[in-house]
Structures are given as structure tokens and as C-alpha cells.
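Student: Just dropping this structure here.
The values are calculated or read from the model by the stated rules, or taken from the named source; none is laboratory data. Nothing here was measured: the structure is a model prediction, and the numbers come from that model. For neighbour counting, all protein chains shown are included, and Cβ atoms are generated from backbone atoms with ideal geometry for every residue, glycine included. Note: areas computed on protein heavy atoms with side chains; ligands, DNA, RNA excluded. Shrake-Rupley method; radii C 1.70, N 1.55, O 1.52, S 1.80 Å.
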Amino acid sequence: MRIFKMEWMVLALSVVPLYAAPQQDTLDKVVDRIVTQEQAEMNSLRQYSPLVETYIQNLKADKNLGTVPDGDKYFMGRAVLAKGVQLEPLTDNNNSGRVKRKVFGGLGSLFSLSMEYLPGGFLQMIYLDTNGFDKQHYKFDYVRREFLGEVRCLVFDVTPLAKAGKGRFVGRIWVEDQDFHIVRFNGAYGGSSRSNYYFHFDSWRVNTGPNLWLPAFIYSEESDVTYAILKRLSFKSQTRLWGYNLGHTKQEQELSKVLIESPIPVKDQTISANDFSPVMALRYWDRQAEDNIVDRLERLGLLAPPGEVDKVLDTVVENLEVTNNLDLEPEVRCRVLLTSALESFAIGHTIVFSRGLIDVLPDEPSLATMVAHELSHVVLGHRIDSQYAFSDRLLFDEKDTFRHFGFARTDSEEQAANNKANELLGKSPYKDQLITAKLFLDALQSRQKDIPNLISPHLGDRVPTNMTLSSTTVPSQQRPGDPNAAADPKQQTTGRTPLVALPLGGRIKMDPWSDKLEMLKSKPVGAVAEREKMPFEVTPFMLYLVREGNNISSAVPGAVSADSKPAAAGAKVPQKK
């Protein structure tokens, strides 16, 4: 009997390595595919030169709000990924063209050591490791399966092996389980020193086509970095990449179409007025200048193609036109600048708002206030320089875009537009709902010293914080000058302040391949604490990932637990106990 038991035990033990070996073999194969795919990803990115925008807010402690902005930095350029992480600056700053492994640094005395952000350091965060991400330098620890939106991912913790060298990534990666692309990585580069710092970051890639995942959004944050012995740094930043395709596909498709003009054109025998009067000729000439500018900005990747957000703006314009009996020719149209800086301007009869400005506006009446200001420039006949009707004026180097174009108005034109905007709003459907617009302008004015780069326009005018809404447009029971005035009587009884402005990214989402914009569709969040309001502030990215061609869910963007999703076919990975 004992012999039988011992033989059974030996047989059972002999099965264990036979079961464990295939599991380890499967894990190794998965890691091999991840490494191979990441290497292919890095090689494929060399063909692209996307636009890169990094906005940084330094932070200071606030006893009621936790932290608030305390100065900011802004960089914008075009990445030349064929040359690694090289940046060609579009905005004026002394360091945007420098590419270094350190994220910031400087020289000076021991107690006055200066600090500078290097944009190349933030662009580097699109890569896990530019020196080689492989099993010879990293250890991979499987964590679990997890859904990021509708994309099921394998989650690994990765750490550099001993003697792997400085600058290696330490953190967590999310790998989609169909083709093993890394779609998100969260952590930092190791090896910071007294003069070289590597910040923590959360980097996201989005699916823009079959087997194509492109870097699009990076969030970085540090709460207590010590430098120069006594100095401390606390900041949050957002980096966005777009313009991978720049809309060339549409033009190529138009070129490939075969169009044949009929040899016998059809002529209308009736007498029609086809000639241009001098006034019509002038309008057409100005419109040609507008079209040239709009087309150039769109080809540069600075202006979004026409889409859903434009229709929202057009509706507000129509509401103002109808209630004020305006008949404007040619028709007024709206477009969106893809940058974060808060600005707006009118190019003739084309009104342009930056993505950042639309993002932070709290409601439609506030948006209507901004629209009314720019529409007033159109109504008052404030023209642009018609030199852009000559096509050669648009042939300039991309680096000179912000120096070449300028649509800011004179002080007298701005004041006239403010007065006219009050008149338009007073007859509009928004006339009794403008308390939030007043609070928005007050909040922006009070914060302007803390976010000077966010409110500094590149092409147009600053948001008119000096715009005085007439007394007829603000409910009399609320004090316009009181920053604690509430837009809702219920908020007055509870003592809560209203949501005067949204954080950056609060309204719009962007496709980094086509540059198309959509209004953000998110679920209600319920009661919002004071620390969660974050007007004009930087917040983390949390994307609802989908595969190209799938129906986009209306669920709130963010990571969804795998526990709520059914199992699907994928690679075999041993479950961690």
C-alpha cells in the first residue's frame, strides 16, 4: 500500500514541470512579440512629422483647493521623428530646438541655480526606450488583463536589469492583445541626478488605422522635486501630438477622380445677372484672401477640418443673427484652431476659436459671449489685409507661421466690438443667462498672472476680460462683481460657488491622424467638490480606447475594469496568483 502511494506521489510531482514549462514558454513568446512590435513601432514612426504641443503649469499649495497654477510654460513645434526626438520650434523660445536626455537643467551658483524645461524631454516620452527595449535590458512581470475602453490589454510591470544603464524606463505597460502593440505606459526614466531630472509620465497611443497605433497624449506630473538644494518644483503638464496625416488623403482622392467636361456645355437661355458689381468684387476678393489663409492653416495642421464642433459654433452664430435681424454676405462661418492657448479672431467673415478656449467655457451662453464679440468685428466691417488674396503671400516657411500671420485688432476696434457685442447679446436668446459668462471673465482676469502663457495668443486676440456686459444682461439679484455669486439659486442656498470654467480638455476630443474634432460625450459626474473644479488647469488624460472601425461608445473616457467584461480570445498568459 505504501509503495502504491509513493509511486502515485512521484508520478504527480513529475507532472508539475511538464505543466509549468508550457506556461513559461507562452509568456516568453508574448514578451518576444511585444518587444518585436515595439521595435517595429519605433521604426514606423520615423516617417511622421506630427505637431507637438506641450503646456506646463507650475503649482503652488492652496489651503482650500490643494494646488493652483503658479506660472506656466508653452512650447509648440514639429517633431522630426526620422531624426529621433528632434523638434523644430514654431513658437518663440530659446530651448525648443534643443534635444537632450535631461528634461530640465541649468547652470548658476549653488543657491541660485536656474531651471529650464526642455521640450525634447517631453517629446521623448512617446518612446519607452530609445536605446533598446528588449529582454536583454528589462525584466517583465505579468500583472493581469485589463480593459482600456473597448480594448482588452495585457498589463506588465517592466524594470531595468542590473547594469542596464541610466535613462531606462521603470513602470507599467498596457499591451493590446491582438497584435501586441503597447498602447499605454506609465512610469519614469531612471537615473536622475542633481542636474538631470526625469519626470513621471503617462503616455497614450490611439488606434488610427489597421495595425497603426500612434502616440497622441502624454500627461506628466511631479509634486516635490528638489533642486539647487533649497528649491522645490511642482508641476503638471499635457503634451498633445497631431497632424500625422494633415488631410492629404482628401486632396489626393480629388486629384485621382476623372472629371470630363461636356464638349457641348448646357447654357441657360434666360437672362441672368452674372456680372460682378464693384461691391461684390470687393467681397469676393476678401473672401479669396480668407480662403487662402484658412487653407494654409489647415494644411499646416493648425486648423481643424470642418466638422461637428464647427456646427455647434455655427448654430450660436445663427441664433445671434436671427434675433438681431442680421443679413451678412458672404455668410459667416466658424473654424477651430487646434492649439491650447485661449484666443479668438475673425478672418473677414471666418470666425476662429482655439480648441483651448472652447474647452474651458462653462456653458453655451458663455460661448455665445465669445461668438458675439467676434461676430461684432464682422458686423462692424473690420476687414483683414487683402494681401493674402495674392497666392504668393502664402508661400512661406512653416517656421515663420506665427510671425507671418497676425489677426489681432487695434484697441479701438476691440472696444467697438465689445460695445456691439453687448447690443447683440441684449437681443439674443442668451440675454438672461449671462451670469456665467460674467463669472468666467472675472475668473480669467483674476487668474491671468498665474497662466500668462495660456492666455497669450499666437494669431489673434486675448479673451476680452475687460468686456463689460451691460446691466440688462446680468440678473439683478446677483452681484456681478462678486466672485462667489452663483449662477443657480440652489448654489446660493448651499454656499457653493458655480463652475466658472472647465479644465483644459473639458469639451473637445481630437483625432491625431485626421485632426478632426468631436464634442466630448461623458457621463454626469454628480456633485463636484471645490478641489475638482480646476478652472483653466491641466488634468490627467484618461482615454476610452477603441479600435478603428468599431462603434465608439458614449461611455465616459477612462479605464474600465476587466471584471465587468466577458472573456475574449487572445494569447495565453498565466494568471498571477
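Student: If we count every other residue with Cβ under 12 angstrom of Phe185's Cβ, Lys/Arg +1 and Asp/Glu -1, where does the sum land?
Tutor: Cβ neighbours under 12 Å give a net charge of -2.
Student: Sorted by packing (mean other beta-carbon atoms within 10 Å per residue), highest first, where do 445-455, 356-366 land? The partial results should precede the final answer.
Tutor: On the way: 445-455: 17.8, 356-366: 22.1.
So the peptides 445-455, 356-366, ranked by packing, come out 356-366, 445-455.
Student: Going highest first, how would you order 424-437, 54-67, 164-177 by mean Cβ packing within 10 Å?
Tutor: Output ranking for 424-437, 54-67, 164-177: 424-437, 164-177, 54-67.
Student: Using Stokes-Einstein with the Kirkwood hydrodynamic radius over Cα pairs, what translational diffusion coefficient do you get for the range 275-331 at 4 °C and a viscosity of 1.567 mPa s, in µm²/s rounded to a whole number?
Tutor: 96 µm²/s
Student: Next question, about the same structure. If packing is taken as the average number of other Cβ atoms within 10 Å across a peptide's residues, how do 317-327, 301-311, 179-189 rank, most packed first? Kindly include the intermediate steps, with their values, before the conclusion.
Tutor: Details: 317-327: 15.2, 301-311: 18.7, 179-189: 20.3.
Order by mean packing, descending: 179-189, 301-311, 317-327.
Student: Given the C-alpha centroids of the range 370-420 and the range 201-228, what is the distance between them in whole angstrom?
Tutor: So the separation of the two Cα centres works out to 35 Å.
Student: Hey, got the dipole for the range 367-414? About the Cα centre, +1 on K and R Cβ, -1 on D and E Cβ, debye to the nearest 20?
Tutor: For this selection, approximately 80 debye.
Student: Same structure again: What are the ³J(HN,Hα) values, in whole Hz, obtained from phi via the Karplus relation 6.51 cos²θ - 1.76 cosθ + 1.60 with θ = phi - 60°, for each residue of the range 297-302 in sequence order, with x given for Gly and Pro?
Tutor: My calculation for the range 297-302 gives 5, 5, 5, 6, x, 8 Hz in order.
Student: Here is a follow-up. Out of Thr323, Gln387, Val352, whose Cα points farthest toward the positive end of the dipole of the range 308-409 (charges: +1 Lys, Arg; -1 Asp, Glu; placed on Cβ)?
Tutor: Gln387
Student: Students often get this wrong, so check it: of Lys29/Lys166; Lys311/Lys427; Lys166/Lys236; Lys311/Lys521; Lys73/Lys236, which have C-alpha atoms separated by over 18 Å? Intermediate values should be presented prior to the final figure.
Tutor: Working: Lys29/Lys166 27 Å; Lys311/Lys427 22 Å; Lys166/Lys236 24 Å; Lys311/Lys521 16 Å; Lys73/Lys236 11 Å.
The pairs that break the limit, which is 18 Å between Cα atoms, are Lys29/Lys166; Lys311/Lys427; Lys166/Lys236.
Student: Still on this structure, I have one more. Can you give the accessible area per residue of the range 328-393, in Å², using a 1.4 Å probe?
Tutor: Working: 1640 Å² over 66 residues.
Accessible surface, normalised per residue, equals 25 Å².
Student: Order Ser412, Ser220 by their accessible area, 1.4 angstrom probe, all chains in place, largest first.
Tutor: Ser412, Ser220
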